[in-house]
Amino acid sequence: MNVLTLETTCDETAAAVVTDQLAVLASVVASQDELHQRFGGVVPEIAARAHVERILPVIDETLRRAGISLAELGAVAVANRPGLAGSLLVGLTAAKALALALDIPLVAIDHLQAHIYACRIAFGPDVFPCVGLVVSGGHTSLYRCGGPLDFVPLGGTIDDAAGEAFDKVAAMLGLPYPGGPAVEKAARDGNPKAHDFPRSLLRDRDRLAFSFSGLKTAVRYAIAGPGTTFDSSTLTAKQIADLAASFQAAVIDCLVGKALQAVEKTGLRTLCVAGGVAANARFRERLEAECRRAQVSVFVPPPRLCTDNAVMGALAIERLKAGLVEALDLDAYPGLVR
Ligand code: KG4
Ligand code: ZN
């Protein structure tokens, strides 16, 4: 059976065709980066309008690449939570229209669970049970994952997501959007010990929580003190590299440290990490090294499966097999709690 999966939770318009054997027949991701670049972050209204323009061409292109027609679809799946309300509604409406017109089942996907499921797609069923860490532009969340349909939240950020911090620090340093890849590149030439930035909540072993807003402020004050204005064009390449490297080191310490605290607390021996920030090479290296030391198996999908894509919506196959299909009055849920 072929399943069309749609992903429009934030600023990527994505579709994929996957089979019930988890083979990926086609995957298309239309990025909106150039539309949001001059704002230094995703503008929700612009994202929603761009999804409206792109969703049908993206579906057409995905089916063309898969070499199948609409009539050969056995189900349609859509990420309906969490995300930007206007963006979610575009994918949801397209999925409902297809389900109604083709008389096929509609499957709902949790975008964060799908990020972790990317590890199952890349590495097979042995990734479960695990601690799952999703590190994206909107979320930094830990889960106990008993299996593909068993996700229990363990904790998350109390303010900004790690990706959000990368994007805002990039803007402060005069680097382009999306900030993650730009900060990673700048950090390569920097000294990660140049600035002693805070590792908030890392030593609080009672809480599986993250906080990145204080780190953002610390970077701001390292550029120019409180009450002063600054112009990022006055920063030298060396200053930018040192600030980027020191900021990145602080984020990585918190992510790796808390993920291992979650592993210790749950007694699980496997860690799955996904989401856009998991595309960061330095973060991946540190995860591998620390998990090797702690004798924990770690799985991080290839970068194209870390950033937003519709292949991870193959989680729909698990839901279909369990009979978890939706009625056509399915809603979109922007927040974490349904
Ligand atoms: O998962 P994702 O594609 O979309 C959301 O669901 O949010 O994550 C996007 C986030 C952005 O904040 C972006 O700056 C960050 O992931 N990101 C990175 C890297 N590539 C993307 N952060 C650090 N290093 C990277 N190489
Ligand atoms: Zn995402």
At a 10 Å Cβ-Cβ cut-off, how would you order GLU318, GLU164, fewest neighbours first? GLU318, GLU164
Hey, quick one: spin label on ALA85, modelled 7 Å out along Cα-Cβ, who in segment 1-41 has an amide N within reach, i.e. under 19 Å? 8-11
Run the dipole for segment 143-198 about the Cα centre, Lys and Arg Cβ at +1, Asp and Glu Cβ at -1, nothing else charged, and hand back the magnitude in debye, nearest 20. 160 debye
Per the 1/(1 + (r/R0)^6) rule, R0 = 25 Å and r from the Cβ atoms of GLU285 and ALA23, FRET efficiency to 0.05 is 0.25
Please count, across segment 125-305, the pairs of lysine residues with Cα atoms under 21 Å apart that sit 8 or more places apart or on different chains. 12
Quick note on PHE299, PHE123, ordering by fewest other C-beta atoms within 10 Å, gives PHE123, PHE299
Rank LEU328, THR19, ALA97 by how far each Cα sits towards the positive end of the charge dipole of the chain (+1 on Lys, Arg Cβ; -1 on Asp, Glu Cβ) and give me just the farthest. THR19
Selected from VAL277, GLY146, LEU305, residue furthest toward positive end of dipole (segment 125-305; charges at beta carbon): GLY146
About the Cα centre of segment 125-305, what is the dipole size in debye to 20, counting +1 per Lys and Arg Cβ and -1 per Asp and Glu Cβ, all else neutral? 280 debye
What number comes out for the charge environment of CYS291, summing +1 per Lys or Arg and -1 per Asp or Glu over other residues with Cβ under 13 Å away? +1
Within 14 Å, Cβ to Cβ, of ALA26, how many net charges do the neighbouring residues add up to if Lys/Arg are +1 and Asp/Glu are -1? -1
Rounded to the nearest Å, what's the spacing between the alpha carbon centres of segment 60-103 and segment 112-150? Just the number, please. 23 Å
Place a point 7 Å from Cα of PHE230 in the direction of its Cβ. Which residues in segment 187-207 have their backbone N less than 20 Å from it? 187-200
Just order 230-240, 191-201 by mean Cβ neighbour count inside 10 Å, highest at the front, would you? 191-201, 230-240
Dimensions of segment 125-305 along principal axes (Cα, Å, largest first)? 50, 31, 28
The exposure ranking of TYR143, TYR221, TYR333, fewest beta-carbon neighbours within 10 Å first, is TYR221, TYR333, TYR143
Rotationally averaged projected area of the chain (alpha carbon convex hull; nm²): 16.7 nm²
Under DSSP H, which helices of the chain have Cα atoms covering 18 Å or more of the helix axis and a Kyte-Doolittle average no less than 0.0? 85-102, 111-123, 237-266
State the answer as a single residue: which of SER136, ALA316, VAL29 lies farthest towards the positive end of the charge dipole of the chain, with beta carbon charges of +1 for Lys and Arg and -1 for Asp and Glu, about the Cα centre. SER136
With +1 on each Lys and Arg Cβ and -1 on each Asp and Glu Cβ, how big is the dipole of the chain about its Cα centre, in debye rounded to the nearest 20? 960 debye
Mind giving me the nanometre distance, one decimal, between the label points for ALA237 and GLU45, set 7 Å out from Cα along Cα→Cβ? 4.0 nm
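Return a whole-number percent for the relative contact order of segment 77-227, with Cα pairs under 8 Å and 6 or more residues apart as the contact set. Write out the running numbers ahead of the final one.
Values: 200 pairs, mean separation 22.8, N = 151.
In percent, rounded to a whole number, it is 15.
We did not get these values from a lab; they are worked out from the coordinates using the rules stated. These numbers come from a predicted model, not from an experiment. All Cβ positions, glycine included, derive from the backbone under ideal geometry; neighbour counts span all protein chains shown.
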